[in-house]
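The values are calculated or read from the model by the stated rules, or taken from the named source; none is laboratory data. It should be emphasised that the depicted structure is a prediction, and the values quoted were computed from it without experimental measurement. When we count neighbours, we look across all protein chains shown, and the Cβ atoms used for this are built from the backbone with ideal geometry, even at glycine.
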Amino acid sequence: MNVDTAYVRPADMEDAISIKASLRAAGMYGCGLTAAQLGWGVKGPEQTIIDISGLDFGPDVCLADSGSMVLAANAPLERLRLNPLISGQMPTFADFLGYVGSTAMRNQASLGGNLLWGAGDLEVLFAVVDAKLRFAGNGRAQSLGQITSDRSDDLLVSIIVPALQESRIFVEKLGHRQAFSPARVVVAGCVGRQSVRLAVRLAGNPVVLVETSWPMNGPLDDALFTGDTDIHLKTVAHNLLRGHLAQLAQQDMA
Amino acid sequence: MNAVTGLEEKLRGTFRYLAEGQPEGTLHGALLTSPLAHATIRRLDVSAARSLNGVHAVVTAADVPSDFLMGTAILDRPPLARAKVRFQGEPIAAVAAETKAIADAALALIAFELEPLPIVSAPRDALDEGAAKLHDSGNLCSDFIYSRGDARADFEDCAHVIDHTLTTPRQVPAAMELEGGICIPSPTGIELRAATHSPFYTRSLIASMLGLPDKEVRVIGSPIGGSYGGKEEIHIQPVLALLAWTARRPVRLVLERSQSMAFATTRHPFEIALKIGCDRAGRLLALTADVLVDNGAYASFGPEVLDTGMECIQSAYAFKSVSLRGRLAYTNNGVGGAFRGFGALQTLTAIELAVDILARKASIDPLAFRRINLAGANDPGPLGQAIIPQPELSKVADALSALPVWRDETPSQRYLSGTGYALVRKGEGFAGGGPNGASGVLALTLDGQVTFQSSLVEMGQGLESTVRNILLASFDLGDADICCATGSSDAGADSGPTSASRGTQIALRLIRAGKMPFLEKLYVGAAEILQVPMDALRLGPGGFYQRMAPQNKPDLSLSDLAASAGEIVTRIDIPGIETTQAGVKVHTLFTACAARAGVRIDRWTGQVVCTGLDLLPACGPPISPLAFHGQMTGAGAQALGFCLTEHQPYEEGTVMARNFDSYFIPTIADVPDINVHPVTWLAPDDPVGIRGAGEIGLNAAAPAIANAVASALDAAPTHLPVRPEWVLGVLARQGRTP
Amino acid sequence: MRISFTLNGEPQNRQVNPFDKATSILAEQCGQESVKTSCAIGRCGACTILVDGKSANACLLIAAKMDGTDVVTAEGLGARADAIIDRLRQNGAIQCGYCAPGLLISLVALLERAPDGDKLERQELETVLAGNLCRCSGYTALRKAILALSS
Ligand SMILES: Cc1cc2nc3c(=O)[nH]c(=O)nc-3n(C[C@H](O)[C@H](O)[C@H](O)COP(=O)(O)OP(=O)(O)OC[C@H]3O[C@@H](n4cnc5c(N)ncnc54)[C@H](O)[C@@H]3O)c2cc1C
Ligand code: FES
Ligand code: FES
């Protein structure tokens, strides 16, 4: 490793982990760097960037026998969007990727980066499907909600989307125009046989996830719409969830 | 035939814009801009910056003649802030240095102290008694008053009266090419390569600032990577010229997007309060309008924009009486300026919304209502002025009614849909007083090409291909025999600004006027060389043919003619088509256009999508059909942005949208297919035979989209762009929330 | 640091600051003026290039990441772009042209990706091109040109 540069490309995963261990807070993992550079001034980053985009984290998408899907953390978003396993298993995800940034940006940005940078749209969808994040450090898989404070001190290797079987999922984003816009609101839902998981991100607030029984009786949990934001966005999130759920309920009746 | 010249080079990236291809040794220019919106400059010390190694020039207001101010009707703007700053992002100083890093370091060494002044953030507050004054003359930059008939009395006779107030966005031209350029000094003068619509005007302005004779300043103003009016205003040319002239070295200065978003002139936000009424039969009787415009910090084109907006506020309709008032107020919100549509877009959108509201109230179909009230073919203009007759208005109305019906959207729980119409007209060229006349040159150059030379500029609108088509239609010549030289002050003649939709009209009239005298010279020259009478000759592809003998090679090629006779030059001057009228600025030549728009409204989110757009411009037969279509579709997309996505907000003088992550111009996913249905018929005796295509599509598309929203919601927008918040609010009030 | 990469097929070896942007490396150091800077934050597409065959925003790409890559700019597309340019010309899809090199890159990437005979859906075209802003054209002629080309 060349210590004069504030940028390193580790040879493999172990190398990455040991570089990070030696640099501690002076180093940070980065992948596409599309989000990370938003925080840099003209001078560049304060920490040494450990670029994990070229490491072998396995295939972009892998189907386990259980029906769950394992996604490589450093897979670029556009490659995931076009991956036939994803369009087959989780078309909602593939379609939604079309609303995350632009094609050129998605060729550079990774799934792991989106889930960890703090305001990614995909977090909302991955929360409702109860995706697990597997980090290199402890080998344990954690739910999105459990990852707090310094999200990226450990190396994220893969994301596991449990078998969705009969669940039906929806996700929707309101931006400032039809495509290529920052999100104002993102909502998602995953309706199983007996329960439903709903998640909302209002503007820059953290994702709120709520689980309740299905079919639903009674109003949506107010907790979903908390956060320091204008009333309008709360109304939009409310309408979107209610609308999608009503459609699904109608399908159930039919 | 290409819509624009250089298309392949543009796509392959080998086409050179003016700030590219800098000569060896060019210095890097950079600006120090004001962080505050309104302040007194207490101290400005550039000595440390000047003495930094690698810095070749640091300029401030002290380097500009103290009486040098810029503007059109009102001269009030210094190129670098003098004593006061009046908007955030106003240039205070500039440096030219060997590298970007040195330039940035030099900027950091400039010591300055700003003492804040109260910020004038709303035009209404600006006109209050006690408001802080931006300029010594006060905050009323200009105003407009006009009345005809007795509106108050006529309202009494109305069966239906409505009022409506519309506030329009501060739309940023946001061309992909940023404002900038390269300036190359010589011992006696400069060459300035930077986008402008008026090379000659820019030349004399820069020359006077530098104290140089005009001929020592060469201005190359095109090609331009998009302008839409944004680069019509003088932008950084004076600062760039100062830097290069001071440094005695070539300098390149290009704004960053965040600087441009604060510095570039924008479309003026208008607040338009209208009251209109009609009788039982739906005839429009009276209109009163009170218009208040946020001008920003300097006059720029504000007075002209206000005048044009007020002139167009009656759209294409005959009101019995009108009473109009408009005011333009200085504020600390950036600088408003020229932008395609030029004031008319704002007022036309307001009046077309009002007309629909009234039609609905009178229970008359909006198209029928428009027909009832259309101005007559030979009526005087909107302010009573003599205009070129507009018999095409009724043809446009016919074409609008005859559009094939759209397939109805399938009704859904979630979406509402609506269709809106508009029928408008706007003056072309400048109002009386001009500059409306123009000059140009037809020349047979030494290389044997018939060349039209003008100082008109190419900015993607297809001027060059249009001129080529006019030349081909005027002279029986081949593609290789003709040439179009544009865009610089090298042209032997000043053609005036390429703006206000006048470029094509001017080119056509110049070539038309010059054709006979120029041909005469060519025939005389050819007859002399071939020793035959003139009437034995025919000009054809490649040169002159003897009439009798059919052949495929000319008897005298154009290059041989030029070689023997020398350059053959005809200078052409045409007068403006204009009238003047006491007290108001008026146009004489008007362009009509209709539009139909469809929208879909999401009841869950309040989002509005434009699902279809038809444009029916009455511009005569398009000379370059692809370029013409392109002007219309591009205008349609900008109208969509105006109505649905674009706005530059200011909060207490602070620019809120600094880049495209917060200013949203439409993407391909936002813009539906835009269908263009040219109404090619103009009166046979029309003195021009065509109308310019630059702006009119925008002026019709925006009100049609706004009306489509109104029809979907049963409520006319009060603010543009339409915000989802407002849509949901309306639905909630109507009890139509999902 | 030193990086090496290929640019339009030519090997390059350059001393760079790792956090310089590819826009400045390509436009200023390598003379590729087709790589325009308009927003500098990945929001307009004017700087789009191909990196290992995929479209990328040069303004989001740091120099360090260019090491070992194969970079193609609009200037280096050669015959790959001929058919697309023809269609764009016939439809009058380009005006001022400032967006054009970036757009062309996106189009080449898109059309080379689509397997033979696959018809490009309008929705997919819009998804892929949403990152290439064009302020002049209104996109109508562009959409027509490309949908016709792929069918
Ligand atoms: C023009 C533009 C448009 C955008 N539009 C959107 C949008 O519409 N929706 C949206 O959600 N986001 C958007 N983003 C934000 C963001 O860039 C993306 O979400 C992207 O997916 C981040 O991925 P990356 O690989 O570039 O992350 P990086 O920038 O490399 O990293 C982001 C963060 O995650 C950490 N990290 C990354 N990978 C790992 C790993 N494997 N292990 C541990 N830590 C890791 C880094 O340390 C860093 O803190 C946009 C960004 C840009 C520049
Ligand atoms: S300059 Fe790179 S996307 Fe705008
Ligand atoms: S042609 Fe001008 S921005 Fe696209």
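Per the listing B:727, B:722, the residue uniquely within 14 Å of chain A (Cβ to nearest Cβ), part of a loop (DSSP other than H, G, I, E, B) and buried (at least 21 other Cβ atoms within 10 Å of the Cβ) is B:722. Filter region C:46-56 for residues that are buried (at least 24 other Cβ atoms within 10 Å of the Cβ) and in contact (Cβ under 8 Å) with a residue 40 or more places away in the chain and give the result. Once the filter is applied, which keeps residues that are buried (at least 24 other Cβ atoms within 10 Å of the Cβ) and in contact (Cβ under 8 Å) with a residue 40 or more places away in the chain, region C:46-56 yields C:46, C:47, C:48, C:49, C:50, C:55. The set of residues from region B:18-33 being closer than 15 Å to residue C:28 by Cβ and not in a strand (DSSP E or B) comprises B:19, B:20, B:21, B:22, B:23, B:24, B:25, B:26.
Within region B:447-460, is even one residue on the phi > 0 side of the Ramachandran plot and surrounded by fewer than 24 Cβ atoms within 10 Å (Cβ to Cβ)? The answer is yes, given that some residue of region B:447-460 is on the phi > 0 side of the Ramachandran plot and surrounded by fewer than 24 Cβ atoms within 10 Å (Cβ to Cβ). Checking B:308, B:288 one by one, the residue that is within 17 Å of residue B:164 (Cβ to Cβ) and of a type in the set (S, T, N, Q) is B:288 and no other.
The one condition from (1) surrounded by 24 or more Cβ atoms within 10 Å (Cβ to Cβ); (2) outside any helix (DSSP H, G or I); (3) more than 14 Å from chain C (Cβ to nearest Cβ); (4) touching an Asp or Glu at 6+ places or on another chain (Cβ under 8 Å) that residue B:218 does not meet is (1).
Residues that are more than 7 Å from ligand 1 (Cβ to nearest atom), within 12 Å of chain C (Cβ to nearest Cβ) and under 25 Å from the mean Cα position of the chain (by Cα) within region A:11-45 comprise A:40, A:45, listed in sequence order. Taking the criterion of being modelled with pLDDT of 95 or more, assigned to a helix (DSSP H, G or I) and more than 10 Å from chain C (Cβ to nearest Cβ), the residues of region A:85-102 that qualify are A:85, A:86, A:91, A:92, A:93, A:94, A:96. For region A:220-248, a tally of residues being within 15 Å of residue A:203 (Cβ to Cβ), small (Gly, Ala, Ser) and away from chain B (no Cβ under 11 Å) returns 1. Sort out which residues of region C:125-144 are away from ligand 1 (no atom under 16 Å from the Cβ) and closer than 26 Å to residue C:37 by Cα, and write them in order of number. Passing the criteria: C:125, C:134, C:135, C:136, C:137, C:138, C:139, C:140, C:141, C:142, C:143. Filtered by the rule that a residue be hydroxyl-bearing (Ser, Thr, Tyr) and under 24 Å from residue A:119 (Cβ atoms), region A:16-47 gives A:29, A:34.
Being within 28 Å of residue B:366 (Cβ to Cβ) and not in a loop (DSSP other than H, G, I, E, B) holds for only one residue in B:563, B:592, and it is B:592.
Just one of the listed residues (C:62, C:146, C:105) is among the aliphatic types (A, V, I, L, M), free of Cβ contacts under 8 Å to residues at least 60 places away in the same chain and within 24 Å of residue B:3 (Cα to Cα), namely C:105.
Of the residues that sit in region C:32-80 and are more than 19 Å from residue C:98 (Cβ to Cβ) and in a loop (DSSP other than H, G, I, E, B), which one is farthest from ligand 2 (Cβ to nearest atom)? This residue is C:68.
Within region A:25-54, residues that are over 23 Å from residue A:182 (Cα atoms) reach partners that are more than 16 Å from ligand 3 (Cβ to nearest atom) and basic (Lys, Arg) with beta carbons closer than 6 Å, at six or more positions or on different chains, in the pairs A:27/A:20; A:50/A:20; A:51/A:9. Test residue B:672 against the stated conditions and say whether it is touching a Leu at 6+ places or on another chain (Cβ under 9 Å) and outside any helix (DSSP H, G or I). Against the criterion (touching a Leu at 6+ places or on another chain (Cβ under 9 Å) and outside any helix (DSSP H, G or I)), residue B:672 qualifies.
Quick one: is residue C:133 within 15 Å of ligand 2 (Cβ to nearest atom) and facing another protein chain (nearest Cβ under 7 Å)? In short, yes.
If you go through region B:163-188 and keep only what is away from every other protein chain (no Cβ under 14 Å), out of contact with any Phe, Trp or Tyr (no Cβ under 9 Å at 6 or more places or on another chain) and assigned to a loop (DSSP other than H, G, I, E, B), you end up with B:186, B:187, B:188. Only residues that are on the phi < 0 side of the Ramachandran plot and within 14 Å of chain C (Cβ to nearest Cβ) were counted across region B:221-237, and they come to 8. Among the residues of region A:132-145, is there at least one that is modelled with pLDDT under 95, farther than 22 Å from residue A:80 by Cα and in contact with a Leu (Cβ under 9 Å, 6 or more places away or on another chain)? Yes, the conditions are met somewhere in region A:132-145.
Within region C:1-27, the set of residues being more than 9 Å from chain B (Cβ to nearest Cβ) and within 16 Å of ligand 2 (Cβ to nearest atom) comprises C:19, C:20, C:21, C:22, C:23, C:25, C:26. Give the residue that is surrounded by the most Cβ atoms within 10 Å (Cβ to Cβ), with candidates limited to residues of region C:82-113 that are among the small types (Gly, Ala, Ser) and either within 16 Å of ligand 2 (Cβ to nearest atom) or facing chain B (nearest Cβ under 7 Å) (or both). The qualifying residue surrounded by the most Cβ atoms within 10 Å (Cβ to Cβ) is C:100. Taken over region B:100-119, the criterion of being surrounded by 13 or more Cβ atoms within 10 Å (Cβ to Cβ) and within 23 Å of residue B:251 (Cα to Cα) is satisfied by B:100, B:102, B:103, B:104, B:105, B:106, B:107, B:109, B:110. The requirement of being aliphatic (A, V, I, L, M), within 30 Å of residue B:385 (Cβ to Cβ) and surrounded by fewer than 18 Cβ atoms within 10 Å (Cβ to Cβ) is fulfilled somewhere in region B:132-150, by at least one residue. Looking only at residues of region C:136-151 that are part of a helix (DSSP H, G or I) and of a type in the set (Ser, Thr, Tyr), we find that the one that is farthest from the other protein chains (Cβ to nearest Cβ) is C:150. Yes or no: residue C:77 within 8 Å of another protein chain (Cβ to nearest Cβ), more than 15 Å from ligand 3 (Cβ to nearest atom) and at pLDDT 95 or above? So residue C:77 passes the test.
Looking only at region C:38-64, residues that are touching a helix residue (DSSP H, G or I) at 6+ places or on another chain (Cβ under 8 Å) and away from ligand 3 (no atom under 14 Å from the Cβ) come to 17 in all.
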